[in-house]
Structures are given as structure tokens and as C-alpha cells.
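Here the structure comes first, spelled out in C-alpha cells, and everything after it is commentary.
The values are calculated or read from the model by the stated rules, or taken from the named source; none is laboratory data. Predicted model only: the values in this text are computed from it and were never measured. Don't worry about glycine lacking a Cβ; one is built from the backbone with ideal geometry, like all the others, and counts go over all protein chains shown. For accessibility, only protein heavy atoms count, side chains too; no ligands or nucleic acids. Shrake-Rupley method; radii C 1.70, N 1.55, O 1.52, S 1.80 Å.
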Amino acid sequence: MDLTSYAEWAVRLANDPAPPPGLLRLRDELVAVFDAAGDERAVAELLNALLVRYPVRPQLTDHDGGHWHLHLADDPAATAVMGLAAVVAELGVDRLGRCREPHCGQAFLDTSSNRSRRYCSARCASRANVAAFRARRKNVS
């Protein structure tokens with residue numbers, strides 16, 4: 001079962017300035033996970049606490065007319081937490097990040113093959129590169 005889409009849901013929720021009222025607490029808890037991303041032990045402790053608070057309920061489904069396969073039951077909190085925990089377990093804590101563009105700070109998952117992602121979007125990467133170029137050009141003049 002690929003839980004990356006569930007982890008992406010966790011990222012979208014962490015970045016949502018106005019989540020649905022029932023998910024406000026979870027949004028803040030997910031933000032804390034991304035804020036702790038430099039500390040493996042802290043991330044693990046936060047995610048373990050969230051896995052207890054939001055238990056996962058897997059279910060068998062054949063919704064696409066194919067073979068039976070597992071999905072997580074429709075619980076937005078549990079699926080977000082489980083997805084994020086799975087990414088950390090399979091790929092490592094260093095795959096959680098905060099955008100390095102100084103005016104952004106959005107959370108993201110680094111799913112690149114070389115663990116090189118530093119920005120939440122191409123827009124932020126471009127903005128940061130233009131700012132760096134202008135700063136270099138200003139220093140040369």
C-alpha cells in the first residue's frame with residue numbers, strides 16, 4: 001500500500017491557513033511535526049502520539065473492479081498521520097521539510113531521488129534563485 005498520497009494530504013493540511021474546524025487541532029499538530037523535522041527523536045515521538053490519538057482503520061476494497069487491496073478508512077486525521085508516519089519510516093525524517101524561501105515556510109515532502117528539495121514549489125525556488133542572482137549582481141557592482 002503506497003501511503004504517499006496520504007502523506008501529501010498531511011502536507012496540504014499543515015499548510016492550510018483555514019482548515020475545517022474539526023481539523024484545526026490536527027493541523028497544528030502536523031505543523032509541530034514539520035517544525036521538529038531536524039530532530040528524528042522528536043518527530044518520532046510526535047508521530048507516535050498522533051498515531052495513538054488518531055488510530056488507523058484499514059479496510060479491504062475492490063472499488064476499481066480489480067483485485068482486493070487495502071485502503072485506510074475515510075478518516076482524514078488518521079490517514080494524514082499514518083501517511084506521514086509511513087514516509088518517515090520508509091524514507092527518513094529528512095524527507096520532511098520547510099520551504100527555504102524566506103517569505104514562505106510552507107511544509108513539503110521531499111520525494112526527489114537525491115533528497116535535494118529545498119522549496120515547496122517551483123515558484124518559491126524561482127523566487128529564491130532570482131533574489132540570490134540579484135544579490136550577487138548587487139555585490140559585484
With a Förster distance of 22 angstrom and the Cβ-Cβ distance between Arg53 and Val31, calculated FRET efficiency to the nearest 0.05 equals 0.90
Probe radius 1.4 Å, ligands and nucleic acids ignored: give me the carbon and sulfur share of the accessible area of the range 1-100 as a rounded percent.
55 percent
Rounded to whole Å and sorted largest first, what semi-axes of the equivalent ellipsoid does the C-alpha gyration tensor of the chain yield via the square root of 5 times each eigenvalue?
33, 17, 14
I'd like to check one number: the per residue accessible area of the chain, probe 1.4 Å, reported in Å² as a whole number.
62 Å²
Counting only residues 5 or more apart in sequence or on a different chain, those whose built amide H sits under 5 Å from that of Leu96 are Asp110
So how exposed is Tyr54, as accessible area in Å² (1.4 Å probe, rounded to 10)?
40 Å²
Alpha carbons only, please: Rg and Dmax for the range 35-117, in angstrom.
15.3, 47
Tell me the relative contact order for the chain as a rounded percent, counting alpha carbon contacts under 8 Å between residues six or more apart.
25 percent
Trp68 to Ala131: FRET efficiency via 1/(1 + (r/R0)^6), r the Cβ-Cβ distance, R0 41 Å, to the nearest 0.05?
0.20
